[in-house]
Amino acid sequence: MADKIGITKAGIDSIVSELNSDHGDIDGYSTTLNKELEFINEKWTGTDATKYTAKMKDDYAVLLKEFNESFQSYIDFLGGVFGEYKRVDDEQAAKEIGV
């Protein structure tokens, strides 16, 4: 088991970009689920259909939304880490070293 985590500015930037792309996919899944539920209600009517789509909206759509928000928080956190890493890197790069 590793007792250290190695972090590089380029690595964090790459991960944040990748996660932002994945986040768009999650948004797409939520949109698709809502459209599918509307489509189901157009083709399937009655009490069972209403119960099913209500259950999907109450449970799964809400969970996807909560997951999406948590995922965005994680992306924001890593973006902040990248910003701090860049700030420190820039500060150190600007310093003159006397030899």
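The values are calculated or read from the model by the stated rules, or taken from the named source; none is laboratory data. Since the structure is predicted, the reported quantities are computational estimates derived from the model, not experimental observations. Neighbour counts run over all protein chains shown; Cβ positions are idealised from the backbone, glycine included.
Can you name the residue in the stretch 26-74 that is of a type in the set (Lys, Arg) and surrounded by 10 or more Cβ atoms within 10 Å (Cβ to Cβ) and is also nearest to Val16 (Cα to Cα) among such residues? Let's see the steps before the verdict.
Here is the first cut: in the stretch 26-74, the ones of a type in the set (Lys, Arg) are 35, 43, 51, 55, 57, 65.
Still in the list and also surrounded by 10 or more Cβ atoms within 10 Å (Cβ to Cβ): 35, 51, 55, 57, 65.
Details: Lys35: 29, Lys51: 39, Lys55: 34, Lys57: 30, Lys65: 20 Å.
Among them, the one singled out is Lys65.
Do the conditions hold for Tyr85, that is, is it in contact with a Lys or Arg (Cβ under 6 Å, 6 or more places away or on another chain), modelled with pLDDT of 85 or more and surrounded by 12 or more Cβ atoms within 10 Å (Cβ to Cβ)? Can you show your working first?
Details: in contact with a Lys or Arg (Cβ under 6 Å, 6 or more places away or on another chain): yes; modelled with pLDDT of 85 or more: yes; surrounded by 12 or more Cβ atoms within 10 Å (Cβ to Cβ): yes.
Here the answer is yes, as Tyr85 does meet what is asked.
Look at the stretch 1-34 and say how many of its residues are closer than 30 Å to Asp59 by Cβ, β-branched (Val, Ile, Thr) and in contact with a helix residue (DSSP H, G or I) (Cβ under 6 Å, 6 or more places away or on another chain).
Of the stretch 1-34, the ones closer than 30 Å to Asp59 by Cβ are 18-34.
Adding the requirement that they be β-branched (Val, Ile, Thr) leaves 26, 31-32.
The next check asks that each one be in contact with a helix residue (DSSP H, G or I) (Cβ under 6 Å, 6 or more places away or on another chain); those that pass are 26.
Going through the stretch 1-34 one residue at a time, the tally reaches 1.
Residues to consider are Asp48, Asp3, Asp22; find the one that is under 19 Å from Phe71 (Cβ atoms) and either touching a Cys at 6+ places or on another chain (Cβ under 7 Å) or of a type in the set (D, E, K, R) (or both).
On the way: Asp48 fails: under 19 Å from Phe71 (Cβ atoms); Asp3 fails: under 19 Å from Phe71 (Cβ atoms).
The unique qualifying residue is Asp22.
Taking the stretch 41-82 as the search range and keeping residues that are among the β-branched types (Val, Ile, Thr) and touching a Leu at 6+ places or on another chain (Cβ under 7 Å), which one is modelled with the lowest pLDDT?
Just the residues of the stretch 41-82 that are among the β-branched types (Val, Ile, Thr), to begin with: 45, 47, 50, 53, 62, 75, 81.
In the following step, the residues that additionally are touching a Leu at 6+ places or on another chain (Cβ under 7 Å) were identified as 53, 75.
Working: Thr53: 87, Ile75: 91.
Step by step, filter the stretch 41-82, then rank; the result is Thr53.
I need every pair where a residue in the stretch 66-90 that is more than 13 Å from Ala10 (Cα to Cα) has its Cβ under 9 Å from the Cβ of a residue that is surrounded by 12 or more Cβ atoms within 10 Å (Cβ to Cβ) and hydroxyl-bearing (Ser, Thr, Tyr), sequence separation at least 6 or different chains.
Going by the 9 Å Cβ cut-off, the qualifying pairs are Asn68/Tyr29; Asn68/Ser30.
Does Lys4 satisfy being touching a Ser or Thr at 6+ places or on another chain (Cβ under 7 Å), at pLDDT below 85 and loosely packed, with under 14 Cβ neighbours inside 10 Å?
So Lys4 does not fit the description; no.
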